[in-house]
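Structure first, commentary second.
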Amino acid sequence: MSKNIGTICHCGMMASRRYMPYCSEYCGAYKEGNYSKTPAGHFPAIPISCDLCEKVTDWRKHDEKARRFCCHGCKKKVLSSSIRRPLMNYYLLSNLKRNGGWISAQGMISLMEANGMTGTSARWSNLMARWVRLGVVEKWQERSETPTYRFRSNIKKPVGKIIIDKGA
Ligand SMILES: [Zn+2]
Ligand SMILES: [Zn+2]
């Protein structure tokens, strides 16, 4: 943790451990999406598709540091899903979807930590089980002395919708 102290985001604010090397997800999306400032020198509104209802809204720099939904209503719906630990499952699938290709359970540790969720590879592997069963996630076992499991997302729908539909 100490090695990151003092990292400054491109916007000039102190980077946050959670969004390293940025201060927020907005600043990461701005940089990675090759956006540029408005003629007046302000950070632009970035269009973001709601991770539940897919409505596109403007994401502004002063909004929540990590915005995934169009409104609090959509966020609340996802967080009150009847599955156990909806937020943890949301981050798990969301990270997997963003990652794209195969990732080991070990590799999930740092991604989940970036969302403030700590756990071992066994924990993330266990949490994957339901989604593998439902066909939302593919699992592949590497042939080696110590079995390594890798996972890949099959997710096309918004992740929030999957959490609510329990993968149906
Ligand atoms: Zn920033
Ligand atoms: Zn929405």
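The values are calculated or read from the model by the stated rules, or taken from the named source; none is laboratory data. This one's a predicted model, so the numbers in the text were calculated from it and none came from an experiment. Cβ placement follows ideal geometry from the backbone for every residue including glycine, while neighbour counts extend to all protein chains displayed.
Quick notes on this structure:
- Residue list for the stretch 70-91, restricted to those being assigned to a helix (DSSP H, G or I) and of a type outside the set (Phe, Trp, Tyr): His72, Gly73, Cys74, Lys75, Lys76, Lys77, Val78, Leu79, Pro86, Leu87, Met88, Asn89
- Residue in the stretch 118-133 that is under 29 Å from Ile48 (Cβ atoms) and free of Cβ contacts under 8 Å to residues at least 12 places away in the same chain present: yes
- Among (1) within 16 Å of ligand 2 (Cβ to nearest atom); (2) part of a loop (DSSP other than H, G, I, E, B); (3) farther than 27 Å from Phe151 by Cβ, the one test that Asp51 misses: (3)
- Criterion (at positive phi, at pLDDT below 95 and loosely packed, with under 13 Cβ neighbours inside 10 Å) met by exactly one of Gly116, Gly101: Gly116
- Residue check, Cys23 part of a helix (DSSP H, G or I) and more than 16 Å from ligand 2 (Cβ to nearest atom): no
- Condition met for Tyr30 (touching a residue at least 12 places away in the same chain (Cβ under 8 Å) and more than 16 Å from ligand 2 (Cβ to nearest atom)): yes
- Residues that are of a type outside the set (Lys, Arg) and either away from ligand 1 (no atom under 16 Å from the Cβ) or in contact with a Gly (Cβ under 7 Å, 6 or more places away or on another chain) (or both) within the stretch 49-65 comprise Ser49, Cys50, Asp51, Leu52, Cys53, Glu54, Val56, Thr57, Asp58, listed in sequence order.
- Ser125 vs. criteria closer than 14 Å to Leu96 by Cβ and polar (S, T, N, Q): yes
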